[in-house]
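This report refers to the structure that appears directly beneath it.
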Amino acid sequence: MEFYYGRDILDFHTLTVMEDRSLFDSVDTATIREHFRQWAENTYRSEQQQPGTGNDVRMGTSPRYRYCIQVDAAALHSVVHNSPPPPQPAPEGWVKLIEKDWILRSQNPLFRNHPDSNVHEPIEGVTEYDVGWVKCLYQDVMSGSYASTIEWNNWGRDYQRPPMIVG
């Protein structure tokens, strides 16, 4: 965080870890996204909408409420088995960074008349270029990716379709 002049965020930022096997084992990204949507809306209300405090962070501007991190079996394997131990750089270890508001281009009113003419290898049934999540280097997800995703347009700018890794 020092590189991004964001060490002060450590005093205020808390991670919410969800590891309920009955809810999350072997589920697809769409299921994780829907659970995160519900969590983000409820948590945003309790954390940010406090009348009279002047605390008026909009949900749409904070990566905390726009993206979640998924560590599934493949991601965990990449971190544990394909990466050297810290503090060496770990170019192979990745986690999934999931965009909460992503929808298929064909279902998006902005693109309904401009479908993606390219058909890609299906990932979880999605043949569009953007599948709504990326593989992100695990050591960058809370610094580089967090800082980058504050800007709305950076998802499209930085996006790499899996199996490519962002970071």
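The values are calculated or read from the model by the stated rules, or taken from the named source; none is laboratory data. Source: prediction; values computed, not measured. We place every Cβ from the backbone using ideal geometry, glycine too, and count neighbours over all the protein chains shown.
A few notes on this one:
- Cross-chain or 6+ apart pairs with Cβ under 7 Å, the stretch 142-164 first and of a type in the set (Asp, Glu), then at pLDDT 60 or above: ASP158/SER148; ASP158/VAL166
- Screening GLY60 with (1) at pLDDT 85 or above; (2) under 17 Å from GLY132 (Cβ atoms); (3) not in a strand (DSSP E or B); (4) not hydroxyl-bearing (Ser, Thr, Tyr) gives one miss only, at (1).
- Restricting the stretch 92-108 to residues that are of a type outside the set (D, E, K, R) and surrounded by fewer than 20 Cβ atoms within 10 Å (Cβ to Cβ), the residue that is nearest to the chain's Cα centre (by Cα) is TRP102.
- Where PRO91 falls short, out of the listed (1) under 18 Å from GLY167 (Cα atoms); (2) touching an Asp or Glu at 6+ places or on another chain (Cβ under 8 Å): (2)
- Filter result for HIS81 (loosely packed, with under 11 Cβ neighbours inside 10 Å and either of a type in the set (Asp, Glu) or closer than 24 Å to VAL71 by Cβ (or both)): yes
- Residue satisfying condition, being surrounded by 11 or more Cβ atoms within 10 Å (Cβ to Cβ), at pLDDT 85 or above and out of contact with any helix residue (DSSP H, G or I) (no Cβ under 6 Å at 6 or more places or on another chain), within set GLU19, GLU47, GLU41: GLU41
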